[in-house]
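Reading through the structure tokens given below for one structure.
The values are calculated or read from the model by the stated rules, or taken from the named source; none is laboratory data. The structure displayed is predicted, hence computed values, not measured ones. Glycine also receives a Cβ, built like all others from the backbone with ideal geometry; neighbour counts cover every protein chain displayed.
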Amino acid sequence: MSAAELCTPNPIPETLGPGFRMSYLVLARRWRPQNFDEVVGQRPVTQTLKNAITKDRVAHALLFTGPRGVGKTTTARILAKALNCERGRTPDPCGECASCLAIAAGRSVDCLEIDGASNRGIDEVRELREIVRYAPSRDKCKVIIIDEVHMLTEPAFNALLKTLEEPPPGVVFILATTHAHKIPPTILSRCQRHDFRRLGQIEILPRLQQIVHDEEVTVSEGAMKAIARAAEGSLRDAQSLLDQVIAYSGDAVGEEDVAVVLGLVEGELLAQTTQAIIERDSSRALTVIESLSARGDDLQRFCQELLAHLRDVMISKVSKDPAPLLQLSRVPPDTVRSQAAAMTLADLETVFQILTRAEFEMRRAPYPRFVLEVALVEATEARSLQTLETLLARLASLEEKLLDGRSVGPALPALPRRAVAAAPPPPLVEASPPPPPAESVTSPQAGWGRVARLLERQKRSLAALLAGPNDVTLDGDRLIVTLHNGTTFARSILDDPEHRRLVADAAAEVFARRVTVEYRFQGASAVSGRSGSDELTAGGQDESRRSPRSGEARKARDSRLSAAPDRGAPPADREALRRHPMVRRAVELFDGQVVQVRAKQPE
């Protein structure tokens, strides 16, 4: 049996009388499925209905919902034929008896098809209720098919509610809609729902190939792919587009014919635009837009096609076997592979985001061309976005370099030195003197400075943190250090057990006794630790409970530093130093400020 015999056209007579011939029957009607097996891509629905018919478990109210052109009304007609076939209830209606022929032609008195958009009022529903009260005229079952049922008014739904819940014997309601969410829940709860899905392009292609074979028309593979993609999951739309293209081109249809009729963009232009983005050639990309605009193409459609091509490029890059996923690509596979090799995933993601935003903005923009041109320029000039992990790694490296005293930017400009008289060379000493005893420590501030210098030999980053502008007071055995650097990073350094041990040992060596080193942060709670101990506790100290001597020392230091002028460099050089990248990063990292700029004195 041929494909044409398997999928028989609708049995509608071609003539209505002598000398009168009916108009041309479009492909979508001629190739409408006549049994469940011919319905494309809806096996879960058709198999459920076939089993229900076989086991005599057909519900009295069914709801078919899904996108347009996927077989909802067609399946409803097939179900009506299966219930009323003269050979008995069967999942495979014969399609030859009087009942099957009448239902297929839309002439059956017991199978009513109602358009919900034009018969949406309560009066029409009342009339329908009167019709279903009577037994079927000829067939075994009265089938009521209401298409676009969501268009009914609320009073009409209310009038239908009771009849839908308890219809007379031998009556089956089939409601079809593309917007199930617009149907009242009271109606939905009384129906057995069947969801029809969008068809894949791979599912549409075989049916189109079958049609062109039996219609004896030559259609190129590229043209078939373009039609299947333009149908957007609707087999009926694909058949209508094929009918339109055949009418334009005759018996031989090429991809160029499809592009002209449907307003599609040639694959070559998609490849050229993508190559311009790869080569960062904005002028070339704008030239493509100019050519499309000159011939009146839909630029928003072009943007959508370009996004689809970029999707193919991404699939080719990440998939080990991209061939099955690129069967409908309109760009040659070699071109797709070469462009995938020239772009990183970060590049693809960046360009895709730019064009997606542009496509959305073009829907409402008064000048869509300008939006697309700006987006293409942005895409050609864009650089790969750095990942979060890369940025965090760079930040950690920057913090370590700053605390270790290494340079993180260009070298500081040399400050001009003032001429000074030559001093006699200092006497040579053999070794550094040992740390002075506690009695020789003139002040806690000086002692803390020596602690920092001792730590510099062991941990430079810790010493750099403790040697900053801090306030130090000694209250008995408590050494209170008020740090102006209260960042989380600084706290983590001081909280390290190894660092606490080093500080405790150095403080004991300088002050010649064990002391409690207590850290305080301006505007934060105090953090204290017993020198020589691994314990670290937190307290609730605030500004009002701090040592009066610590507050007085801090105020005296702040006033002294604010009054000290910048010395040793012209104003221009001082300003350049303040703006230096290393200085700015240090200020941001430690949440500080530049107090004074001084030239290094000659040794």
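Among residues of segment 63-74 that are assigned by TED's automatic domain parsing to the domain that holds H179, those with a beta-carbon under 6 Å from a residue that is in a loop (DSSP other than H, G, I, E, B) and basic (K, R) at least six positions away or on a different chain give the pairs P67/R198; T74/R32. Looking across segment 29-69, the residues that are hydrophobic (A, V, I, L, M, F, W, C) and either in a strand (DSSP E or B) or more than 41 Å from the chain's Cα centre (by Cα) (or both) come down to A52, I53, V58, A59, A61, L62, L63, F64. For segment 231-270, what are the residues that are within 23 Å of M343 (Cα to Cα) and surrounded by 20 or more Cβ atoms within 10 Å (Cβ to Cβ)? Passing the criteria: V265, G267, L269, L270.
What number of residues in segment 165-183 are under 33 Å from the mean Cα position of the chain (by Cα), surrounded by 14 or more Cβ atoms within 10 Å (Cβ to Cβ) and part of a loop (DSSP other than H, G, I, E, B)? Looking only at that region, the number is 2. Which count do you get for residues in segment 353-373 that are within 19 Å of the chain's Cα centre (by Cα) and over 15 Å from R301 (Cα atoms)? So the answer is 2. When D110, D115, D92 are screened for being surrounded by fewer than 16 Cβ atoms within 10 Å (Cβ to Cβ) and closer than 21 Å to D56 by Cβ, only D92 passes. Could you tell me whether I202 is among the aliphatic types (A, V, I, L, M), under 40 Å from the mean Cα position of the chain (by Cα), in a helix (DSSP H, G or I) and surrounded by fewer than 14 Cβ atoms within 10 Å (Cβ to Cβ)? Judged against the criteria, I202 is a match. Would you check if A294 is surrounded by 14 or more Cβ atoms within 10 Å (Cβ to Cβ) and modelled with pLDDT of 90 or more? In short, no.
A count restricted to segment 444-481 and to residues that are in contact with a strand residue (DSSP E or B) (Cβ under 6 Å, 6 or more places away or on another chain) and in a helix (DSSP H, G or I) stands at 3. Against the list (1) modelled with pLDDT under 90; (2) more than 27 Å from E221 (Cβ to Cβ); (3) exposed (fewer than 13 other Cβ atoms within 10 Å of the Cβ), the condition R363 fails is (1). Take segment 321-333 and flag every residue that is closer than 19 Å to S220 by Cβ and outside any loop (DSSP other than H, G, I, E, B). Listed by number, the residues that qualify are L326, P333. The condition (being at pLDDT below 95, in a helix (DSSP H, G or I) and not aliphatic (A, V, I, L, M)) is satisfied by just one residue among E127, E86, E113, E96: E127. Starting from residues that are exposed (fewer than 15 other Cβ atoms within 10 Å of the Cβ) and within 21 Å of the chain's Cα centre (by Cα), keep the ones in segment 338-348 and report whichever is nearest to M314 (Cα to Cα). Looking at residues that are exposed (fewer than 15 other Cβ atoms within 10 Å of the Cβ) and within 21 Å of the chain's Cα centre (by Cα), I get L345.
Only helices (runs of 4 or more DSSP H) whose full extent lies in segment 230-320 are considered here, and the ones with at least 2 residues that are of a type in the set (S, T, N, Q), in contact with a helix residue (DSSP H, G or I) (Cβ under 7 Å, 6 or more places away or on another chain) and assigned by TED's automatic domain parsing to the domain that holds V331 are 267-278, 282-294, 299-318. Looking across segment 133-155, the residues that are within 26 Å of V70 (Cβ to Cβ) and among the aliphatic types (A, V, I, L, M) come down to V143, I144, I145, I146, V149, M151, L152. Of all residue pairs spaced 6 or more apart or on separate chains, those with beta-carbon atoms under 9 Å, a first member in segment 159-171 that is more than 13 Å from R133 (Cβ to Cβ) and a second member that is of a type in the set (D, E, K, R) and modelled with pLDDT of 90 or more are A159/R126; A159/R129; L160/R129; L161/R190; L164/R190; E165/R190.
I'm told E130 meets every condition in (1) among the charged types (D, E, K, R); (2) closer than 17 Å to V171 by Cα; (3) surrounded by 12 or more Cβ atoms within 10 Å (Cβ to Cβ) except one. Can you identify the failing condition by its number? Condition (3) is where E130 drops out.
For L376, indicate whether it is surrounded by 20 or more Cβ atoms within 10 Å (Cβ to Cβ) and part of a helix (DSSP H, G or I).
Here the answer is yes, as L376 does meet what is asked.
You will find that of R87, R68, the residue that is in contact with a Cys (Cβ under 7 Å, 6 or more places away or on another chain), of a type in the set (D, E, K, R) and surrounded by fewer than 20 Cβ atoms within 10 Å (Cβ to Cβ) is R87 and no other.
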